[in-house]
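Shown next, in C-alpha cells, is the structure this report addresses.
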Amino acid sequence: MGIEKNNNNKNMVNYSRNKNNQKNYGKSIHSKNRTGYQSGKKFFNSNSKRNSSRINYKRNQRVEENKPLPSVKVSFLGGLNEIGKNITLFECENEIIVIDCGMAFPDGEMLGVDLVIPDFTYLIQNKDRVKAILLTHGHEDHIGGLPYLLTEMSVPIYGTPLTLGLVENKLKEHSLLKQTELRTLKAGESVKIGNTTAEFIHVNHSIPDAVGIALHTPAGTIVHTGDFKIDCTPISGGMIDLSRFARLGDEGVLALMSDSTNASREGYTPTEHTVYDSFKNLFQKAEKQRIIIATFASNVNRVQQIINCAKKFGRKVAFSGRSMINYMNVASNLGYLDIPENIIIDIDRIPQYPPEQIVLVTTGSQGEPMSALSRMAFSDHRKITVGAGDFIIISANPIPGNERSVGNVVDELLKKGCKVVYESMYEVHVSGHACAEEHKILTSLVKPKYFIPVHGEQKHLRKSQDIAVSLGIDRKNTFIADIGTTLELNRDYIKELPKVPAGKVFVDGFGVGDVGSIVLRDRKHLAQDGLIIIVASLDVYDGHVISGPDIVSRGFVYVRESEELMADVKRTALSVLDDCCERNVHEWGVIKNRIKDDVSKVISGKTGRSPMILPILMEV
C-alpha cells in the first residue's frame, strides 16, 4: 500500500511537471533560440506542436503587421500641363524604371530654340539606380529626348521593333548607337527588371507597334496606357488588347495612369479607315492636278493608305522631308509598309511624269518653318515649286500652339493658286487618342484603386479625372500631378512627396541648356523693340572722351530717316560721359547704367519704344 501510494505520488509529480512544462512551452522555444533548445526537447508532444505552431503564427503575424507596406514612388519630369516631353519615373526598393523620354517643339515665345527636352538633373544624380527605359511607341514626344539623356548615362532601352528601329536611326545621328543596349520586346511579352516585371500590352495609336505597359512591382501593379485609342478596324496590328487589361483589372491594379489628350471630346475616335474613304474622294476631285499630302512622318498607317490610294488611281509616290524619308525607310525595312512594286520614285524624277500621275508625301503638317511644305509655300524649296496646278491636303490637325503657323502656310499656298484641303474639311485626319467613351471602357476594365491622368494640358487632365470619378472611383483616390511632382503609392494611401528637379531645357543648335529664361527674354526684347549700340573711346588716364560716341541701330529705326533722334541719343550719351569724367567716376558699370537710363528716357519720350541699349566703352 505504501508502495502504491508512493507510485501515485510520483505519477502526480510527473503529471504536474509535464503540465507546467506545457504551460511554459513558449519559454522553451525562447530557450531553444538561445541554447539550442535542449531543455524543452524531452517534453515535446503533439499538443505542444500545435501550441508551437499557433505561437509562431501569431509572432509572424505581429512581424508582418509591424513591417511597412512596400511602396512605389512615381515622379513626373514632363508630359503634364503640356503636350509633349513625356517622361515618368518609377522607384521601388531603390531601383528606378523610366517610361518614355520625349521632347517638345518650341512655341512662339521660344525664339531661336530648336526643341525642348526635360530637365534630366534628377535622373543623372541617380543614374546608378536607373535599371531600364521602357518606350511605349516611336513618336518624337516619347523618344525624342533619348539622345540628350544617353550622353549623360548608359542604360538598357526596351521597345517594340518599330520603336527601336526609329530610336536606332536617331542614335546613329548622335553617334550613340554603339554605347547603347537596345532590347526588343513585343506586345504580350514581359521582362524582369530588378524587383519589377514589365509587361507590354498592345494598344491602337497613330503609329504601329504602340503598347501600354503594366509594371508589376512589389507594391502592386501600375498600368500606364501610353498613347491609345480603341480602334476595332485598325489598318494594321489588330485591335487593342482589351482582354488583357480586363484580366489585370480582375487580378487587382494599384494605379492607372491614362492618356488624357482627347478626354474632353465626347463619343469615340473614328477609325483610321474613314481617312481612306476621304482620300479616295479627294483623289477623284484632283483630276489632272498634282497631289501633295502633308502628314506626320511617324504616321506609317496614314502613309500606307496614301500608297494604296495612289495605286488605285495609277499615281506614283515620292517623299519629301528628311524625317519623312527616315521614317519610311525604317518602316519599309521592318515590314510595316506594304509597297507595291515600282510605285515609289525619287523626288528628282517628278518632272518626268505628268502632274496627274504624282502624289508627293511631305512633312510640314504643323507649319514648321523649316519643313518641306513651309519651304514650298514660301518658294524656298530647292526641288518643288507649287502653284495653280497643285491639290494640297494637310492630313493632320494643328497641335495646340501651332494654329497660327499652319494658318500662315495655308495662306501662302492659297496665294499661289493652290487648292488646299486642311483641318477637318474632308475628314482627312483622325486622332490617335481616345475620346471620352473609350476612356470609360478602359478605366472600367482596369478597375484601379488610384487614377492619375497623364499626357495632356490641365483641361485634359481635369476631364479625365471627372470621367474616372463618374465611374465610381473616389475622388480622393485620383490625383492631378504637375511637372516635378512625386507621389508615393501603396495599397493603403497615395500621398505627395517633395518635388524633384524638373522643367524645360532648350536645345539651340549644338547647345543644350545654354539658352535660358534670361537669353529668351533678351531675344524677345530684341525682336520686339530692336537694338541701339553706343560706342565710345575714353582716355585711359582721366576718362575723357577721345572719340564717339557713335550710334548703331538695328531693328529699331531706319537711321537715315531718324537723324534728329540719333543726334539726341548721341548728345545724351556724350553728356553722361562728360559728367562722369568731371565727377571722376571711373567704374564702367556705373557709367554704362547711366547711359542706358538717360538714353532710354530720351527714346521713350520721343518714340514710346524701349529698345535694348548696349553701351560699349574702350580705353585708349
**OP:** Have a look at LYS383, LYS449 and point out the one that is over 22 Å from SER278 (Cβ atoms), part of a strand (DSSP E or B) and of a type in the set (Lys, Arg).
**Re:** LYS449
Subject >> Pair list, Cβ < 9 Å and 6+ apart or interchain, from the range 144-164 residues that are in a loop (DSSP other than H, G, I, E, B) to residues that are of a type in the set (Phe, Trp, Tyr) >> reply: GLY145/PHE120; GLU152/PHE120; MET153/PHE120; THR160/PHE200
**OP:** Kindly provide the set of residues from the range 252-287 that are among the charged types (D, E, K, R) and farther than 28 Å from ALA214 by Cβ, ordered by number.
**Re:** GLU266, ASP277, LYS280, LYS285, GLU287
Original post:
Taking the condition touching a residue at least 40 places away in the same chain (Cβ under 8 Å), in contact with a Leu (Cβ under 8 Å, 6 or more places away or on another chain), of a type outside the set (Val, Ile, Thr) and open to solvent by 10 Å² or more (accessible area, probe 1.4 Å), does LYS449 pass?
Top reply: yes
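How about the range 470-508: which of its residues are in a helix (DSSP H, G or I) and open to solvent by 40 Å² or more (accessible area, probe 1.4 Å)? Write out each step before concluding.
So in the range 470-508, the residues in a helix (DSSP H, G or I) come out as 470, 475-477.
Correct list: SER470, ARG475, LYS476.
Restricting the search to the range 214-248, which residues are at positive phi and either in a loop (DSSP other than H, G, I, E, B) or open to solvent by 40 Å² or more (accessible area, probe 1.4 Å) (or both)?
Scanning the range 214-248 gives GLY226, GLY237, GLY238.
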Subject >> Selection within the range 263-289 - open to solvent by 70 Å² or more (accessible area, probe 1.4 Å) and either among the polar types (S, T, N, Q) or touching a strand residue (DSSP E or B) at 6+ places or on another chain (Cβ under 6 Å) (or both) >> reply: ASN281, GLN284
Subject >> GLU561 vs. criteria modelled with pLDDT under 75 and either open to solvent by less than 70 Å² (accessible area, probe 1.4 Å) or not basic (Lys, Arg) (or both) >> reply: yes
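With the requirement that a residue be among the aliphatic types (A, V, I, L, M) and outside any strand (DSSP E or B), what does the range 188-213 give you?
Across the range 188-213, the qualifying residues are VAL203, ILE207, ALA210.
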Subject >> Single residue of the range 55-87 satisfying the filter (open to solvent by 90 Å² or more (accessible area, probe 1.4 Å) and assigned to a loop (DSSP other than H, G, I, E, B)) that is modelled with the highest pLDDT >> reply: PRO68
Original post:
Can you name the condition, by its number, that ASN329 falls short on among (1) crowded, with 17+ Cβ neighbours inside 10 Å; (2) farther than 26 Å from GLN289 by Cβ?
Top reply: (1)
Original post:
Is it the case that the range 290-307 has a residue that's open to solvent by 10 Å² or more (accessible area, probe 1.4 Å) and of a type in the set (Val, Ile, Thr)?
Top reply: no
**OP:** Can you confirm whether the range 520-543 contains a residue that is crowded, with 16+ Cβ neighbours inside 10 Å, part of a loop (DSSP other than H, G, I, E, B), at pLDDT below 85 and at negative phi?
**Re:** no
**OP:** Select, from ALA132, ALA104, the only residue that is among the small types (Gly, Ala, Ser) and at pLDDT 95 or above.
**Re:** ALA132
**OP:** Note down all Cβ pairs under 6 Å where the first residue falls in the range 304-332 and is touching a residue at least 12 places away in the same chain (Cβ under 8 Å) and of a type in the set (Asp, Glu), the second is open to solvent by 50 Å² or more (accessible area, probe 1.4 Å) and assigned to a strand (DSSP E or B), and they're at least six residues apart or on different chains.
**Re:** none
**OP:** Kindly indicate which of VAL500, VAL421, VAL409, VAL454 is within 23 Å of the chain's Cα centre (by Cα) and closer than 30 Å to ALA294 by Cα.
**Re:** VAL454
**OP:** Scan the range 179-201 and report the pairs whose first residue is closer than 10 Å to THR160 by Cα and whose second residue is open to solvent by 30 Å² or more (accessible area, probe 1.4 Å) and not in a strand (DSSP E or B), with Cβ atoms within less than 6 Å and a gap of 6+ or a chain change.
**Re:** THR184/PRO161; PHE200/ALA187; PHE200/GLU189
Subject >> Of all residues making up the range 387-407, the number that are open to solvent by less than 30 Å² (accessible area, probe 1.4 Å) and out of contact with any Gly (no Cβ under 9 Å at 6 or more places or on another chain) >> reply: 5
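The values are calculated or read from the model by the stated rules, or taken from the named source; none is laboratory data. Values in this document were obtained by computation on a predicted structure and should not be read as measured data. In this analysis, Cβ positions are derived from the backbone assuming ideal geometry, glycine residues included, and neighbour counts consider all displayed protein chains. What goes into the accessible areas is simple: the full protein's heavy atoms, side chains included, and nothing from ligands, DNA or RNA. Shrake-Rupley method; radii C 1.70, N 1.55, O 1.52, S 1.80 Å.
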